[in-house]
1. Checking the condition closer than 16 Å to residue 178 by Cβ and either modelled with pLDDT under 95 or surrounded by fewer than 17 Cβ atoms within 10 Å (Cβ to Cβ) (or both), which residue from 253, 283 passes?
2. Identify the residue in the range 85-97 that is touching a residue at least 60 places away in the same chain (Cβ under 8 Å) and part of a helix (DSSP H, G or I) and, among all such residues, is surrounded by the most Cβ atoms within 10 Å (Cβ to Cβ).
3. When the range 138-166 is examined, which residues are found to be part of a loop (DSSP other than H, G, I, E, B), over 19 Å from residue 90 (Cα atoms) and in contact with a strand residue (DSSP E or B) (Cβ under 6 Å, 6 or more places away or on another chain)?
4. So which of 214, 206 is surrounded by 22 or more Cβ atoms within 10 Å (Cβ to Cβ) and more than 25 Å from the chain's Cα centre (by Cα)?
5. Those residues that are outside any strand (DSSP E or B) and farther than 29 Å from residue 296 by Cα, I need them from the range 167-180; list them, please.
6. Collect the residues in the range 238-290 that are under 25 Å from residue 82 (Cα atoms) and outside any loop (DSSP other than H, G, I, E, B), keeping them in residue-number order.
7. Could you please find all residues in the range 242-258 being under 24 Å from residue 203 (Cβ atoms) and under 26 Å from the mean Cα position of the chain (by Cα)?
8. Among the residues of the range 230-250, which ones are under 10 Å from residue 299 (Cβ atoms) and touching a residue at least 60 places away in the same chain (Cβ under 8 Å)?
């Protein structure tokens with residue numbers, strides 16, 4: 001037999017034997033799943049589907065955040081979505097909240113603003129406050145907002161009777177305050193507070209105010225020791241500082257609140273004061289009746305810092 005023919009036949013036999021003894025490996029980009037996968041590897045090989053993270057650019061998703069679980073029950077009384085919509089807040093701007101306390105609105109505003117590349121500024125009690133409770137409140141707040149994954153980069157500044165400018169003059173797009181005007185009246189610097197807000201805002205910037213409302217037929221205590229303030233009184237202070245009233249809303253109104261309770265507004269939820277400090281609750285005190293009223297009747301007011309062009313147009317009507 002020809003040697004070349006014999007050599008070719010031998011090589012062909014070897015190749016056939018190799019093909020029969022070694023199964024072909026699957027292509028590198030083909031996953032082994034189901035019956036093809038070795039025992040115990042099916043779950044590991046299966047694609048893991050991660051839940052989609054909430055889009056905190058949307059206010060509705062922020063309101064549903066699990067970090068708000070303990071406070072969300074008050075949404076029915078405080079109407080955050082409707083209130084912020086009325087205020088026309090642009091979360092991509094610089095928004096200052098005055099005296100945020102323990103952070104009820106912070107839990108809404110800070111994540112929403114951070115997700116939209118804005119800047120949330122908390123104007124809290126000064127670190128140098130004489131009151132130990134205020135210093136403690138500030139420290140607790142700083143700890144509360146330390147999780148940047150939720151709250152972003154919160155900027156905290158001082159606001160009090162002797163504090164300096166809130167931010168660089170004319171740099172804020174909006175200033176918000178919830179149930180605080182009566183406190184500034186009590187300590188004698190409400191007018192200065194509105195001046196500070198005016199200075200912080202850019203022309204056209206917005207001021208949103210919510211506070212406990214005293215009926216217009218009742219006499220206004222200049223120190224607001226019951227926690228209630230006439231709506232016209234707040235409007236007058238804001239206008240005196242230079243603001244113009246944009247609108248009012250009844251979003252946070254409660255007609256059941258008569259504003260004449262034994263321990264002021266703090267008789268009502270959520271504080272629910274039932275006696276003076278250190279005293280026993282009176283036997284005839286109607287706690288259930290005050291709880292049935294719910295949270296206070298509150299004014300919701302929107303102001304604007306006038307734009308310079310508007311002021312010029314008003315000074316020279318008819319000119320172009």
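1. Of the residues listed, the single one that is closer than 16 Å to residue 178 by Cβ and either modelled with pLDDT under 95 or surrounded by fewer than 17 Cβ atoms within 10 Å (Cβ to Cβ) (or both) is 253.
2. 87
3. 159, 166
4. Only one candidate passes the filter, namely 214.
5. 167, 168, 169, 170, 171
6. 238, 239, 244, 245, 246, 247, 248, 249, 265, 266
7. 243, 244, 245, 246, 247, 248, 249
8. Hits for the range 230-250 are 231, 234, 235, 249.
The values are calculated or read from the model by the stated rules, or taken from the named source; none is laboratory data. Model, not experiment: these values are computed from the prediction. Glycine gets a Cβ as well: all are built from the backbone with ideal geometry, and neighbour counts include every protein chain shown.
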